[in-house]
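Q: Dumping the structure here so I can ask a few things about it.
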Amino acid sequence: MSKPILTQARLRELFDYDPETGVFVRKLSRGGKAMLGAAVGNYAGGGYLKVSICKRNEYLHRLAWLFIYGSSPVGVIDHINGKKDDNRIANLRDISRSENQHNMPSRINCWTGHPGVSWSTSANKWRARITVQYREINLGVFSTMADAIKARAAAKKIHHPSAPTTQPGA
């Protein structure tokens with residue numbers, strides 16, 4: 001037997017949510033640390049905050065969406081500023097999984113610190129590229145890293161318009 005799906009009404013019975021701070025507070029006491037008025041949220045893998053409701057782990061960013069809009073998101077919930085524990089409603093948006101990939105921070109193995117910019121040993125120049133619809137587009141080779149970064153940023157505005165430009169590597 002599957003567990004019941006959480007509704008907005010049940011969520012509002014259990015917690016208060018402040019959309020300005022992104023903090024959930026308990027309305028009911030469960031004893032121990034789960035006391036009335038206590039802020040909720042434990043760090044889950046990847047830096048997201050979660051809480052257990054009816055023996056089911058729920059991510060706070062998804063609960064914030066349900067609390068405010070009354071339904072689950074159509075796509076995935078994106079943290080616009082890239083901070084996975086910032087659950088202010090103004091920082092959350094419902095986007096497709098593909099769009100969510102557009103604002104990923106630099107990977108740990110990206111030694112330039114700029115996604116899509118690398119050194120081409122064959123050309124002995126800086127190379128810029130961008131991925132669109134799972135296909136890599138070569139933006140060219142450049143004499144300076146700064147020129148490659150500019151080309152990548154210009155292409156990002158065209159091909160990834162939903163991505164915030166304030167993110168590192170944007």
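The values are calculated or read from the model by the stated rules, or taken from the named source; none is laboratory data. All values derive from a computational prediction rather than experimental measurement. So basically every Cβ, Gly included, is an ideal-geometry build from the backbone, and we count neighbours across all protein chains shown. Please note that ligands, DNA and RNA were not included when accessible areas were found on the heavy atoms of the full protein model with its side chains. Shrake-Rupley method; radii C 1.70, N 1.55, O 1.52, S 1.80 Å.
A quick yes/no check of all residues on (1) in contact with a Ser or Thr (Cβ under 7 Å, 6 or more places away or on another chain); (2) open to solvent by 60 Å² or more (accessible area, probe 1.4 Å); (3) more than 22 Å from Thr7 (Cβ to Cβ):
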site: Ala38; (1), (2), (3): no, no, yes
site: Asn42; (1), (2), (3): no, yes, yes
site: Ile53; (1), (2), (3): no, no, no
site: Ala64; (1), (2), (3): no, no, no
site: Ile80; (1), (2), (3): no, no, yes
site: Asp86; (1), (2), (3): no, no, yes
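Q: Mind telling me which of the residues Ile89, Ile53 ends up being over 12 Å from the mean Cα position of the chain (by Cα) and either modelled with pLDDT of 95 or more or over 30 Å from Leu14 (Cα atoms) (or both)?
A: Details: Ile53 fails: either modelled with pLDDT of 95 or more or over 30 Å from Leu14 (Cα atoms) (or both).
The match here is Ile89.
Q: Could you look through the range 8-29, keep only residues that are open to solvent by 50 Å² or more (accessible area, probe 1.4 Å) and among the hydrophobic types (A, V, I, L, M, F, W, C), and pick out the one that is nearest to the chain's Cα centre (by Cα)? Even if it seems obvious, please write down each step before you answer.
A: Keep residues of the range 8-29 that are open to solvent by 50 Å² or more (accessible area, probe 1.4 Å), which gives 8-10, 12-13, 16, 18, 20-21, 23, 27-29.
Checking which are among the hydrophobic types (A, V, I, L, M, F, W, C) leaves us with 9, 23, 28.
Working: Ala9: 26, Val23: 17, Leu28: 29 Å.
Top of the filtered list is Val23.
Q: Among the residues of the range 147-163, which ones are over 18 Å from Arg127 (Cβ atoms), in contact with a helix residue (DSSP H, G or I) (Cβ under 9 Å, 6 or more places away or on another chain) and at pLDDT 80 or above?
A: Once the filter is applied, which keeps residues that are over 18 Å from Arg127 (Cβ atoms), in contact with a helix residue (DSSP H, G or I) (Cβ under 9 Å, 6 or more places away or on another chain) and at pLDDT 80 or above, the range 147-163 yields nothing.
Q: Name every residue in the range 7-38 that is among the hydrophobic types (A, V, I, L, M, F, W, C) and modelled with pLDDT under 90, in order of residue number. Give the steps one after another, and end with the answer.
A: Going residue by residue through the range 7-38, those that are among the hydrophobic types (A, V, I, L, M, F, W, C) are 9, 11, 14-15, 23-25, 28, 34-36, 38.
Passing the criteria: Leu28, Ala34, Met35, Leu36, Ala38.
Q: If you check Thr131, Thr166, Thr112, Thr144, which single one turns out to be surrounded by fewer than 13 Cβ atoms within 10 Å (Cβ to Cβ), modelled with pLDDT under 90 and at negative phi? Walk me through it before giving the result.
A: Values: Thr131 fails: surrounded by fewer than 13 Cβ atoms within 10 Å (Cβ to Cβ); Thr112 fails: surrounded by fewer than 13 Cβ atoms within 10 Å (Cβ to Cβ); Thr144 fails: modelled with pLDDT under 90.
That would be Thr166, the only listed residue that is surrounded by fewer than 13 Cβ atoms within 10 Å (Cβ to Cβ), modelled with pLDDT under 90 and at negative phi.
Q: Related question: So Thr112 passes all but one of these: (1) assigned to a strand (DSSP E or B); (2) within 23 Å of the chain's Cα centre (by Cα); (3) among the hydroxyl-bearing types (Ser, Thr, Tyr). Which condition number does it fail?
A: Thr112 satisfies every listed condition except (1).
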